[in-house]
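The values are calculated or read from the model by the stated rules, or taken from the named source; none is laboratory data. Just so it is clear, the model here is predicted, and its values are computed rather than measured. Note: ideal-geometry Cβ built from the backbone for every residue, glycine included; neighbour counts use all protein chains shown. Remember, those area values only see protein heavy atoms, side chains included, never the ligands or the DNA or RNA. Shrake-Rupley method; radii C 1.70, N 1.55, O 1.52, S 1.80 Å.
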Amino acid sequence: MTATADPAAPPRRRFRVGPRALPYLLSLPALLVCIGILVPFFTAVFYSLQRYRLSQPWARGMNWGENYLNFMSDPSFWNTLQVSLTYTVLTVGLELLLGLGIALLLQKPTRINNFVSVMLLLPLMTAPALAALMWKLMTNPNFGIFSYLVSQLGVTDFNWASDPSTALFTVVLVDIWVYTPFIMILLLAGLRSLPKQPFEAAALDGVPRMAAFFRITLPMLTPYILTASLFRLLESIQQFDIIYAMTQGGPGDTLTVFQVEAYLNFFQSTNVGRSAALLMILWAITFFISNLFIKNWLRLRERARGGA
Amino acid sequence: MDHESTLERWLRGAALTVVVLFFMFPIFWIALMSFQTNETILRSPPSMVFQPTLSNYQALITGQLDSQAGTLQIEFMSNLANSAILSVGSVVVALLLGVPAAYAFARYKFRGSEDIAFTLLSFRFAPPLARAAAADALFPGSRAGRHLCRADLGVSADLPAADPVDRARLFRGHLAGRRIRLPHRRPWLVRRLPQDRAAAGGAGDRGGGAAGVHLRLEQLHLRAGAGLGRQAAGDGGRAGLRDREGIQYGQIAAAVVLSIAPTLALALYAQRYLVEGLSLGAVKG
């Protein structure tokens, strides 16, 4: 039996996704899930406009922007802002410097350098809270190896995270230990991917190495530096786990960065409204910084493409 | 040609040694502590010479801590299993949702693509606690909030990082997807998995507790760190690593090692993909 096509029959319609619809279809599931997750986010916005304490449910009600206005005259809010920004600037700045330095050290793809660069990734793979715990054990005043080493240097009352004057230093140190490898690996990849011609030309012209570094290497590395900075800024200003695991925001209010302060407000003081308002301000700061970075990054990318 | 003097070589070597010491020593020292008893840990000055013991690991793995007060139960391994389920599950969901979307943004130029991509990226800007706390308030007493937040973490955060490395056509031939797409996705995957794994750490999900809330990544970190950390801080707690003889620092160290060991092993195994994933994924435009 042979099948013959009937010219009068209507053509079979097969469902085919057009090339125009395909990208929308592909991105739709992620977008839908993300939009679904907007519910708790907008709930947080809603709470931030409320007088809402879990311990006083009868007093709950809209107070609109009062939570935000109260921040203006609230010294603890300004302390939180200051601590958060200080922590962010210190960690990102130091990690960039260190990461760049280490990347320059490991720039040549020798066997040892490759091995070392892999080993240096291990702290990055350690959960920050566990890293904080490790450092907590090592800085214990009774048996911590670092406490012992510092005492051997003649500093007898160095109390690491339990002293307000050294607590910030300690958590910054832990942050550096965990996240410097992230910046290092990004910048290392950047350094190794730079074209050789400009450097060969500079060497032929007798340009000193420092000048070549500042005039050629750094400008060409800027997109990588911006990307690394953006990622680190986002994480650093929203830091929670290292600080909470090390000091729970203390001693006193020494390290009450935004998320720690919001966490304590929500789960200890049960002041949901203030906590939500704090987080919204953090979101605004993060959004502003990210926008700034992304615009610069896009501008650089366009320039690079234009020049290519 | 780049010539380096002997002095420069020495300086470079010295600098590298310092760097390696700084980054490797804490891991080395905690690993050493995990093979010590409390007695040897608490002696002063600290020493690298001791009689190694596996009792800390044995206690954690068997869940039985023998002490003068009797036998105490430790739930560490079940907590670790929870972490594994949590991290693998979130990675799978993130991959299922994130890879097709990343492919679409990378492969096609379509109307609104920048806006959609930025919308997805913007979820990373929102403080995790904002969603977590609200989710907890929305779903009091349930785990829905934390699952919701976990899904959020998995989906949105990686889309910008999941940059297209290749130009294979995922949905126009399953072979292309299996042989080309997925292998090229491996850098991102392996970058993601250890971090999620690390994030979950030894996180337990036993519920209850002073705050009563153990949400999202930071809180999950905290379950690993703080559950043990409370012991280290000496402020009591429920992690079960304390008996009448005091805080069991050796077991805390062993718990840390057990929590990070799978991640580190995976990272070492997949390091070359990891480097690619970090660099290409995050930097290429």
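Evaluate the Debye formula for chain A with equal point scatterers sitting on the alpha carbons, no solvent, and hand back log10 of I(q)/I(0) at q = 0.09, 0.11, 0.14 Å⁻¹, in q order, two decimals.
Log10 of I(q)/I(0), two decimals: -0.66, -0.89, -1.20.
Under a 1.4 angstrom probe, counting protein chains only, how are A:Ser48, B:Ser78 ranked by accessible area, largest first? Mind showing how you got there, number by number?
On the way: A:Ser48 0, B:Ser78 60 Å².
Most to least solvent-accessible, the answer reads B:Ser78, A:Ser48.
For B:Met24 and A:Arg301, what does the FRET efficiency come to when R0 = 41 Å and r is the distance between their Cβ atoms, rounded to the nearest 0.05?
Efficiency, from the Cβ-Cβ distance: 0.70.
Over all directions, average the projected area of the Cα convex hull of segment A:47-96 and note it in nm². Let's see the in-between values first.
On the way: hull surface 19.0 nm².
With every direction weighted equally, the projected area is 4.8 nm².
For peptide A:93-103, what's the mean number of Cβ atoms from other chains within 10 Å of each residue's Cβ? Display every interim value, and only then the final one.
Numbers: counts 0, 0, 0, 0, 0, 2, 0, 0, 2, 6, 0.
So the per-residue partner count for this stretch is 1.
If the only charges are +1 at each Lys and Arg Cβ and -1 at each Asp and Glu Cβ, what is the size of the charge dipole of segment A:248-308 around the Cα centre, to the nearest 20 debye?
Working: 6 positive and 3 negative charges, 108 e Å.
Here the size comes out at about 520 debye.
Would you mind listing how long segment B:1-62 runs along its three principal axes, going by Cα atoms, in whole Å with the largest first?
The principal-axis extents, from largest down, are 60, 27, 15 Å.
Can you tell me the accessible area per residue over chain A, all protein chains present, probe 1.4 angstrom, in square angstrom? The partial results should precede the final answer.
Numbers: 15210 Å² over 308 residues.
For chain A, the solvent-accessible area averages 49 Å² per residue.
Highest mean first, how do A:193-206, A:111-124, A:148-161 rank when packing is the count of other Cβ atoms within 10 Å averaged over residues? Please report the intermediate quantities before stating the final value.
Numbers: A:193-206: 11.9, A:111-124: 17.8, A:148-161: 13.7.
Averaged packing, sorted descending, gives the order A:111-124, A:148-161, A:193-206.
Taking all protein chains as present, what is the carbon and sulfur share of the accessible area of segment A:126-209, in % to the nearest whole number, probe 1.4 Å?
On the way: 2060 of 3450 Å².
Here it works out to 60 percent.
Take peptide B:27-34, look around each residue's Cβ out to 10 angstrom, count Cβ atoms belonging to other protein chains, and average those counts. Please report the intermediate quantities before stating the final value.
Details: counts 7, 0, 6, 8, 0, 1, 5, 0.
Taking all residues of B:27-34 together, the mean is 3.
For segment B:1-126, how big is Rg over Rh, using alpha carbon atoms and the Kirkwood form of Rh?
Values: Rg = 25.4 Å, Rh = 21.0 Å.
For segment B:1-126, the value is 1.21.
Which residue fluctuates most in the GNM of chain A (Cα springs below 10 Å): A:Met134, A:Met246, A:Met72?
Comparing A:Met134, A:Met246, A:Met72 in a Gaussian network model of chain A, the most mobile one is A:Met72.
At q = 0.10, 0.22 Å⁻¹, what base-10 log of I(q)/I(0) does the Debye formula yield for segment A:216-308 when every alpha carbon is treated as an equal point scatterer in vacuo?
Those come out to -0.39, -1.04, one per q.
List the extent of the Cα atoms of segment B:28-88 along each of their three principal axes, largest first, rounded to whole Å.
If we take the Cα atoms of segment B:28-88, the spans are 41, 31, 15 Å.
Given Cα positions, please report Rg to Rh for segment B:52-131, the hydrodynamic radius being the Kirkwood one. Don't skip to the end; give the middle numbers.
Working: Rg = 22.4 Å, Rh = 17.0 Å.
Computed over Cα atoms, the ratio is 1.32.
Set the Förster radius R0 to 45 Å, insert the Cβ-Cβ distance between A:Phe115 and A:Trp58 as r into 1/(1 + (r/R0)^6), and round the FRET efficiency to 0.05. Mind showing how you got there, number by number?
Values: r = 64 Å, r/R0 = 1.43.
Calculated transfer efficiency: 0.10.
Heavy atoms only, probe 1.4 angstrom, no DNA, RNA or ligands counted: give me A:Glu261, B:Glu8, A:Glu95, A:Glu302 ranked by accessible area, highest first. Walk me through the numbers before you get to the answer.
Working: A:Glu261 25, B:Glu8 65, A:Glu95 0, A:Glu302 105 Å².
My answer, sorted largest first, is A:Glu302, B:Glu8, A:Glu261, A:Glu95.
At q = 0.14 Å⁻¹, what base-10 log of I(q)/I(0) does the Debye formula yield for segment A:158-279 when every alpha carbon is treated as an equal point scatterer in vacuo?
Treating every Cα as an identical point scatterer, log10 I(q)/I(0) equals -0.74.
Between segment A:148-165 and segment A:104-120, how far is it from one alpha carbon centroid to the other, in angstrom?
Centre-to-centre (Cα) distance: 33 Å.
What ³J(HN,Hα) values, in whole Hz, does the Karplus curve 6.51 cos²θ - 1.76 cosθ + 1.60 give for segment A:52-69 when θ = phi - 60°, with x put for Gly and Pro?
3J(HN,Hα) across segment A:52-69, in whole Hz: 9, 10, 5, 7, 10, x, 5, 8, 5, x, 5, 10, 6, x, 4, 4, 6, 5.
Within a 10 angstrom radius of each residue's Cβ in B:89-100, how many Cβ atoms of other chains show up on average? Whole number is fine. Don't jump to the answer; show the numbers that get you there.
Working: counts 0, 0, 0, 0, 1, 2, 0, 3, 8, 4, 2, 8.
Counting other chains' Cβ atoms within 10 Å and averaging over B:89-100 gives 2.
Based on Cα positions only, what radius of gyration and what Dmax would you give for segment A:65-159, in angstroms?
Spelled out, the Cα radius of gyration and Dmax of segment A:65-159 are 19.7, 61 Å.
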